[in-house]
Amino acid sequence: MKSLRPGATIGLLGAGQLGRMLALEGAPLGYRFVCWGQAPGEPAAQVCELSLAAPFDDEAARRRFAESCDVATFEWENVPAALAKRLAKDLPVRPAPAILDTVQDRLIQRRFLKEHGFAQTPFADAAAPAAALERLGRPCILKSRRHGYDGKGQFRIEKPGELSKVPALPGGAVLERRVDFKKELSVILARWENGDVATYPVAENVHENGILRATLAPARLPAEIAQAAAALAAAIAEALKHVGVMAVELFWLGGSGKDQLLVNEIAPRVHNSGHYTLGACATSQFEQHIRAIAGLPPGSTSQREPAAMINLLGELWAGGEPRWDVVLARPDVRLHLYGKAQPRPGRKMGHLLLLGPAARDLKEADSLLAALRR
């Protein structure tokens, strides 16, 4: 793959916070950025040279976007696959649009993992939910096949009768067995077109109500499990022929051996749990993604010190603007706000990065959040 020269323009499909950080980290490499979002003033639009705000089926916007950039990528996997394929006729799109066909539908993603022999949570097509539940047994989670994230479109089925209370899910559903796990993990890696892979230290995630609350890196787990997790994620990236950064979310069941890891989800993009790399690692996941899609050499993934990433959700604003002076006064804390004007419960407004020994558990993170509240 020929390297993209400095001064070239990278197009971002999606204009959220991930696109914002891609543009901010790609600018020092000499690249310009264009983003295509759905509404004016989105986070990436505030930092890109050109921003488009139009539906993804707008033909005039598609032509302008294609004419404005030299390569395109997506910051969100729910970009229409048909749009990405259409753009690929005019310019390189990385990762390849075909990946969207695999990851946008949970059932297809599960079948892909099964076909390639990757261990995962037991699952069943929930076209007939009662029959699927009878096969899997309780407890289970019923998930929409498409567009579910941050706990949306997910319903726990633990007791008799709960299934009948679940509303119809447009586009179908998949049923997944709940498993007892010790920790939720994620592996952030980047793959190049020539097959090179750069993997970051495995991260440990804590979720609340389906939303990522915090990430600790490196994860607190045995070295052999970390190695097995990294190898598993790299194998998935190879099977997908992915180009760019991707995340693989895993459950660690608590024992030893690679059979103690189950794949939960694939995200073919930079990821919330990889935000710790922006400040804790030699090369952030955002710069690494730009390097991979632009054909530049891999950057170092070494981690300088322990890190904890804490999401700042909209409810933190309930008593007014948080006390940013509390965190900005600390040399071991970095603040990243995404430029979103309207906080609301569950909405990711920004994140904190806590660095050093205090980041080895969530005690200090909890103290920081408490200090921010007015």
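The values are calculated or read from the model by the stated rules, or taken from the named source; none is laboratory data. Predicted model, so just to flag it, every value in this text is computed and none were measured. Don't worry about glycine lacking a Cβ; one is built from the backbone with ideal geometry, like all the others, and counts go over all protein chains shown.
Confirm whether G319 is touching a residue at least 24 places away in the same chain (Cβ under 8 Å) and exposed (fewer than 14 other Cβ atoms within 10 Å of the Cβ).
For G319, the condition - touching a residue at least 24 places away in the same chain (Cβ under 8 Å) and exposed (fewer than 14 other Cβ atoms within 10 Å of the Cβ) - is met.
Please tell me if G153 is surrounded by 13 or more Cβ atoms within 10 Å (Cβ to Cβ) and without any contact (Cβ under 8 Å) to a residue 60 or more places away in the chain.
The answer is yes for G153.
Quick one: is A329 of a type in the set (G, A, S) and closer than 19 Å to A365 by Cα?
Criteria met by A329.
Which residue pairs have Cβ atoms closer than 6 Å, lie 6 or more positions apart in sequence or on different chains, and pair a first residue in region 242-265 that is within 26 Å of T283 (Cα to Cα) and of a type outside the set (V, I, T) with a second residue that is part of a helix (DSSP H, G or I) and at pLDDT 95 or above?
G244/H289; G244/A292; G244/I293; M246/A237; L250/A229
Within region 18-72, can you find the residues that are of a type in the set (D, E, K, R) and surrounded by 18 or more Cβ atoms within 10 Å (Cβ to Cβ)?
R20, E25, R32, E42, R62
Which members of region 279-296 meet the condition of being among the small types (G, A, S) and surrounded by fewer than 22 Cβ atoms within 10 Å (Cβ to Cβ)? Explain how you work it out, then say what you get.
Filtering region 279-296 for residues among the small types (G, A, S) gives 279-280, 282, 284, 292, 294-295.
Selection gives G279, A282, G295.
Determine, yes or no, whether I266 is buried (at least 18 other Cβ atoms within 10 Å of the Cβ), closer than 28 Å to T121 by Cβ, among the β-branched types (V, I, T) and assigned by TED's automatic domain parsing to the domain that holds G356.
yes
Starting from region 217-228, keep only residues that are more than 10 Å from W252 (Cβ to Cβ) and surrounded by fewer than 16 Cβ atoms within 10 Å (Cβ to Cβ), then list their pairs with residues that are of a type outside the set (D, E) and at pLDDT 95 or above whose Cβ atoms are within a distance under 8 Å, requiring at least 6 positions of separation or different chains.
R220/K183
Please find, among A124, A128, the residue that is surrounded by fewer than 20 Cβ atoms within 10 Å (Cβ to Cβ) and over 23 Å from the mean Cα position of the chain (by Cα).
Unique residue meeting the criteria: A128.
Regarding region 326-334, can at least one residue be identified that is within 18 Å of the chain's Cα centre (by Cα) and within 22 Å of L22 (Cβ to Cβ)?
no
Taking interchain pairs and intrachain pairs at least six residues apart, which have beta carbon atoms under 9 angstrom, with the first residue in region 8-29 and on the phi > 0 side of the Ramachandran plot and the second charged (D, E, K, R) and surrounded by 24 or more Cβ atoms within 10 Å (Cβ to Cβ)?
Pairs found: G14/E75; G14/R269.
Limited to region 172-209, what total is found for residues that are exposed (fewer than 15 other Cβ atoms within 10 Å of the Cβ) and in a loop (DSSP other than H, G, I, E, B)?
Count: 7.
Let me spell it out: the conditions are (1) of a type in the set (G, A, S); (2) surrounded by fewer than 16 Cβ atoms within 10 Å (Cβ to Cβ); (3) modelled with pLDDT of 95 or more, and A84 meets all of them except one. Which number is the exception?
Every condition holds for A84 apart from (2).
Can you report the number of residues in region 91-111 which are over 18 Å from H147 (Cα atoms) and either part of a helix (DSSP H, G or I) or touching a Lys or Arg at 6+ places or on another chain (Cβ under 6 Å) (or both)?
Filtering region 91-111 for residues over 18 Å from H147 (Cα atoms) gives 91-96.
With the extra rule that they be either part of a helix (DSSP H, G or I) or touching a Lys or Arg at 6+ places or on another chain (Cβ under 6 Å) (or both), the set shrinks to none.
Count: 0.
Go through region 3-54 and tell me which strands (runs of 3 or more DSSP E), entirely inside it, have 1 or more residues that are under 20 Å from the mean Cα position of the chain (by Cα) and either modelled with pLDDT of 95 or more or outside the structural domain of T277 (by TED's automatic domain parsing) (or both).
Values: elements: 9-13, 32-37, 50-53.
Those strands (runs of 3 or more DSSP E) span 9-13, 32-37.
Quick one: what pairs do we get from region 163-182, first residue among the charged types (D, E, K, R), second in a helix (DSSP H, G or I), C-beta under 6 Å, 6+ apart or different chains?
From region 163-182, the pairs are R177/L136.
Could you please give the count of residues in region 160-190 that are of a type in the set (A, V, I, L, M) and within 30 Å of A294 (Cβ to Cβ)?
Our first condition is that a residue be of a type in the set (A, V, I, L, M); within region 160-190, this holds for 163, 166, 168-169, 173-175, 179, 185, 187-190.
Adding the requirement that they be within 30 Å of A294 (Cβ to Cβ) leaves 185, 187-190.
Summing the residues that are of a type in the set (A, V, I, L, M) and within 30 Å of A294 (Cβ to Cβ) in region 160-190 gives 5.
Scan region 297-316 and tell me whether some residue there is surrounded by fewer than 15 Cβ atoms within 10 Å (Cβ to Cβ), of a type in the set (S, T, N, Q) and at pLDDT below 95.
Within region 297-316, not a single residue is surrounded by fewer than 15 Cβ atoms within 10 Å (Cβ to Cβ), of a type in the set (S, T, N, Q) and at pLDDT below 95.
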